[in-house]
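Just below is one structure, and these are the notes that go with it.
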Amino acid sequence: MNTQLHRSCRIQAGFSLVEAMVSLVVISVGMIGIASLYGQGLGAGRTALYRTQAVNLAADMADRIRVNRLGAAAYGAAAANNACDPSGGGGVDCTPAQMAAHDLFLWSQSVAQALPNGAGTVTFLGGTTPPTFTINVGWQEVGIGPVTLTIVVQVPNI
């Protein structure tokens, strides 16, 4: 009787193949979830970077407008390379309107370089007091499509 009791009370040690497979499936599902979250985090970081660059570019144009208040209406016109950049060694004496067109030219290049399919526009509303400028910065966001940041700036006359 003693030997029969001893055979039925054997202690099992280790894992069976089914237990190992179940644990492998559970760990695999968890790792897939972590990989998905990592991918979403990378996308959110890229979006935040583009939005930050767009805000900085719009603020740059607002500063250019504030510096050249006499050329206000020209910021709503076409951009042109008038060689007005003093750091470029142009040595050209530009009018405020020519400087505004040159500012738009340089700014448009910066937007195109900093953002994917980046484009910027400035609209001037001269009939308002103080004069109002609408600055739009647009780009193509992966997974979202076209995105536009709009900033409205009022610049009092001198």
query: Sequence-distant or interchain residues sharing an amide H contact under 5 Å with E141, placed H: which?
result: V147
- request: Would you be so kind as to identify which of A58, L115, L42 lies farthest towards the positive end of the dipole of the chain, taking Lys and Arg as +1 and Asp and Glu as -1 on Cβ and the Cα centre as origin?
  value: L42
field: Within a Gaussian network of the chain (alpha carbon springs, distance under 10 Å), most fluctuating of F124, F15, F105
entry: F15
- line: Relative contact order in percent for the chain (Cα pairs under 8 Å, 6+ apart) equals 18
Residues L42 and L17, FRET efficiency given R0 of 41 Å [Cβ-Cβ distance, rounded to 0.05]: 0.65
Karplus-derived HN-Hα couplings along segment 119-126 (A = 6.51, B = -1.76, C = 1.60, θ = phi - 60°), whole Hz, x at Gly and Pro: 8, x, 9, 10, 10, 10, 10, x
- request: Note the listed values [x] 126; [y] 110; [z] 188, then indicate which one is volume of the Cα convex hull per residue in Å³ calculated from this particular structure.
  value: [z]
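State to the nearest 20 debye the size of the charge dipole of the chain about its Cα centre, where the only charges are +1 on K and R beta carbons and -1 on D and E beta carbons. Provide the component values of the computation, followed by the final result.
On the way: 7 positive and 7 negative charges, 139 e Å.
The calculation lands at about 660 debye.
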task: Give the angle, between 0 and 90 degrees and rounded to the nearest 10, that separates the Cα long axis of helix 17-67 from the longest principal axis of the Cα atoms of the chain.
output: 10
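With each run of n ≥ 4 DSSP H residues scored as -39500 (n - 2.57), what mean residue ellipticity at 222 nm is computed for the chain after dividing by its residue count and rounding to the nearest 500 deg cm²/dmol? List each step's numbers first, then the result.
Values: 3 runs with 77 residues, N = 158.
Rounded to the nearest 500, it is -17500 deg cm²/dmol.
Ranked from highest to lowest mean number of other Cβ atoms within 10 Å per residue, what is the order of the peptides 38-47, 58-67, 145-154? Write out the running numbers ahead of the final one.
Working: 38-47: 11.4, 58-67: 17.2, 145-154: 13.1.
Put in order of decreasing packing, that is 58-67, 145-154, 38-47.
FYI, it's all coordinate maths here, none of it is from the lab. These numbers were taken from a predicted model, which means no experiment stands behind them. Methodologically, a virtual Cβ is constructed for each residue, glycine included, from the backbone with ideal geometry; neighbour enumeration extends over all protein chains shown.
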